[in-house]
Amino acid sequence: MSSLSKADPAPYFISYAGNEEFGSVIMASNGALMANIKRHDRTVDVSVRVGSRELDNTHGENRFNAVTTASLPLEDKPDAIARVLWINTDRMYRKAAQGFLEIKTNTKSPCRRGGFVAGFFGGEAPGYIGKEIVPPKFDQHEWEEKVRRLSAIFKKIS
């Protein structure tokens, strides 16, 4: 916020929502493993609003252009994460500023004046509201054996 506060128009709201997902796919056929895939993803939703709560870059049909999702590094490297956040914040700011200029132009048009709904309602930003979640225990080998054993049942049938 401090870096972009000098920009014109300055953002009045920036938010980040992070998500981390772990997954595993184990497939077997006739008692033999066919696939064993592990997945780990980190993403962040970045939203930037410029203007004011009454009229901002998300007004009207632009509402769905206010958020972008970006991949985050899987490692806990603050510099790498900060770089991804800054690049995407800057990109969303530029998009928001352009969108806000278009919205201001449209609302000043004689045929578009009056009767618009405020763009954003809210009080103080909550700041960080999440907490670290520890992934559930997952014994890869145990599940591979279960999948093998269960798929072997079909070997006897055919």
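Can you spot a residue in segment 71-80 that is touching a residue at least 24 places away in the same chain (Cβ under 8 Å), under 30 Å from K155 (Cα atoms) and not hydroxyl-bearing (S, T, Y)? Break it down into steps so the answer makes sense when it comes.
Residues of segment 71-80 that are touching a residue at least 24 places away in the same chain (Cβ under 8 Å), as a first pass: 71-74.
Next, only the ones that are under 30 Å from K155 (Cα atoms) stay: none.
So far as segment 71-80 goes, no, none of its residues is touching a residue at least 24 places away in the same chain (Cβ under 8 Å), under 30 Å from K155 (Cα atoms) and not hydroxyl-bearing (S, T, Y).
I'm trying to understand the selection: among the residues of segment 82-105, which are without any contact (Cβ under 8 Å) to a residue 24 or more places away in the chain and either touching a Gly at 6+ places or on another chain (Cβ under 8 Å) or farther than 22 Å from S5 by Cβ (or both)?
Selection gives T105 alone.
Where residues in segment 9-61 are in contact with a helix residue (DSSP H, G or I) (Cβ under 6 Å, 6 or more places away or on another chain) and among the small types (G, A, S), which of them is farthest from R148 (Cα to Cα)?
Checked segment 9-61; the qualifying residue farthest from R148 (Cα to Cα) is G51.
Residues I133, I87: which one is at negative phi, at pLDDT 85 or above and within 24 Å of the chain's Cα centre (by Cα)?
Numbers: I133 fails: at pLDDT 85 or above.
After applying the criteria, what remains is I87.
Residue-wise test of (1) of a type outside the set (A, V, I, L, M); (2) farther than 19 Å from E132 by Cα.
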| position | (1), (2) |
| --- | --- |
| I14 | no, yes |
| A17 | no, no |
| G23 | yes, no |
| K38 | yes, yes |
| R49 | yes, yes |
| E54 | yes, yes |
| T58 | yes, yes |
| S71 | yes, no |
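Out of G114, G119, G123, report the one residue that is surrounded by 11 or more Cβ atoms within 10 Å (Cβ to Cβ) and at pLDDT below 80.
Details: G114 fails: surrounded by 11 or more Cβ atoms within 10 Å (Cβ to Cβ); G123 fails: surrounded by 11 or more Cβ atoms within 10 Å (Cβ to Cβ).
After ruling out the rest, the residue left standing is G119.
Please tell me if G60 is at pLDDT 85 or above and more than 18 Å from the chain's Cα centre (by Cα). Break it down stepwise before answering.
Details: at pLDDT 85 or above: no; more than 18 Å from the chain's Cα centre (by Cα): yes.
Judged against the criteria, G60 is not a match.
Go through (1) under 16 Å from the mean Cα position of the chain (by Cα); (2) farther than 30 Å from E142 by Cα; (3) touching a residue at least 60 places away in the same chain (Cβ under 8 Å) for D45 and report which single condition fails.
So the condition that D45 fails would be (3).
Cβ-Cβ below 6 Å, separation at least six or inter-chain, first residue in segment 143-158 and within 24 Å of G23 (Cβ to Cβ) and touching a residue at least 12 places away in the same chain (Cβ under 8 Å), second surrounded by 12 or more Cβ atoms within 10 Å (Cβ to Cβ) and of a type in the set (A, V, I, L, M, F, W, C): which pairs?
W143/I26; E144/I26; V147/I26; V147/A28; R148/A28; S151/A28
Out of the residues in segment 80-94 that are aliphatic (A, V, I, L, M) and closer than 11 Å to D45 by Cα, state the one that is surrounded by the fewest Cβ atoms within 10 Å (Cβ to Cβ).
First, the residues of segment 80-94 that are aliphatic (A, V, I, L, M): 80-82, 84-85, 87, 92.
Of the ones still in play, those that are also closer than 11 Å to D45 by Cα are 85, 92.
Details: L85: 17, M92: 23.
The extreme case among them is L85.
The values are calculated or read from the model by the stated rules, or taken from the named source; none is laboratory data. Remember, it's a predicted structure, so these values are computed and weren't measured experimentally. Using ideal geometry, Cβ is built from the backbone for each residue, glycine included, and neighbour counts are taken over all protein chains shown.
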